[in-house]
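The block underneath contains the structure these notes are about, expressed in structure tokens.
The values are calculated or read from the model by the stated rules, or taken from the named source; none is laboratory data. None of these values were measured; they are calculated from a predicted model. Note that each Cβ is placed from the backbone with ideal geometry, even for glycine, and that neighbours are counted across all protein chains shown. Accessible surface areas use protein heavy atoms only, side chains included; no ligands, DNA or RNA. Shrake-Rupley method; radii C 1.70, N 1.55, O 1.52, S 1.80 Å.
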Amino acid sequence: MVVLAVVLILPKGVLIKIDPADINPNDLGTSDFFPCPPDLQVKAEYYQYQLDHFVNFTLAHEESGRANITLEGVSGKHICIPEGIFVYSYYLGDPAVGINAALFDYNLSLKWWRHFQIVDNRIYVTLGYYSVGTFSGETKAFLYLISGDDVKRKEVANIEGHPLGVRLPLDINEKYVAVAYYLHDEIGNERNGVCVFTSGGLIKIACKEFEEWERPVNVKLEGDIVYVQTTKGVKAYKIISLW
């Protein structure tokens with residue numbers, strides 16, 4: 001009854017810390033389209049080499065020149081987000097294969113490329129990004145959900161200063177997305193923890209901050225339990241939410 005009362009008072013939910021040994025092992029996200037620069041051109045060209053399939057992306061910008069990357073797949077798309085230009089390729093009709101994706105900044109410098117899994121035709125991506133404000137900047141960690149032409153974004157955590165270390169492992173099930181975060185900047189600040197969101201709307205349910213230097217290594221969802229493997233052991237939390 002006490003837990004239910006807490007849930008009714010809180011607008012989203014809570015994470016209740018539990019002992020992993022006791023467990024049997026057996027605000028709404030809004031569309032976050034970001035207009036591409038009007039003079040940016042992105043061309044995706046498919047080609048096949050022997051039995052392999054690829055999409056070659058060519059990015060061109062008047063001020064920044066050109067950039068190229070080739071990703072495995074048969075179809076390619078791109079979207080613009082505040083952190084840069086996100087290009088991705090995939091196999092039509094086979095979401096289980098996942099996607100290959102890359103992020104360029106707006107100077108057309110390649111930031112990273114990697115492989116992602118698709119869950120129910122939805123793509124979940126975590127990004128660490130240095131955001132410059134009017135008087136200062138900070139490192140922000142974001143969770144993105146790409147579903148067709150719709151893009152949602154939620155901030156996971158932030159830290160003052162330029163990033164020296166960022167790790168953002170995530171896991172997804174039919175109800176939730178769990179993102180563990182490690183952020184470390186050049187002036188010695190560090191934040192570690194885990195946040196849980198709803199899988200469809202990216203409603204942030206709750207977060208838990210870890211002790212200093214307890215850095216997450218991996219995260220796993222099992223029903224309404226989230227496990228986080230850290231440098232100091234395994235933590236487990238029960239997700240209590242009306243969502």
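Per-residue SASA remark: D224, around 60 Å² accessible (1.4 Å probe; ligands, DNA and RNA not included). For region 71-188, taking the reciprocal of the average inverse distance between every pair of different Cα atoms yields a Kirkwood hydrodynamic radius of 15.2 Å. For region 139-243, the carbon plus sulfur part of the accessible surface works out to 46%, probe radius 1.4 Å.
Carbon-plus-sulfur accessible fraction, region 35-132 (probe radius 1.4 Å, protein heavy atoms only): 49%. Take L92: with every protein chain present and a 1.4 Å probe, its accessible area is about 120 Å².
Paramagnetic label reach from W213 (point 7 Å along Cα→Cβ; backbone nitrogen cut-off under 17 Å): within region 151-188, residues 183-185, 188.
When every alpha-carbon pair in region 114-240 is counted, what percent end up more than 25 Å apart? Within region 114-240, distances greater than 25 Å cover 23 percent of Cα pairs. Return the whole-Å distance between the Cα centroid of region 141-166 and the Cα centroid of region 184-243. Each part's Cα centre sits 15 Å from the other's. Average projection, convex hull of the Cα set of region 195-243: 3.5 square nanometres. Take region 97-218 with all the other protein chains still there, run a 1.4 Å probe, and you get 44 Å² of accessible area per residue.
In a simple Cβ point-charge model (Lys, Arg +1; Asp, Glu -1; nothing else charged), region 118-243 has a dipole of about 260 debye relative to its Cα centre.
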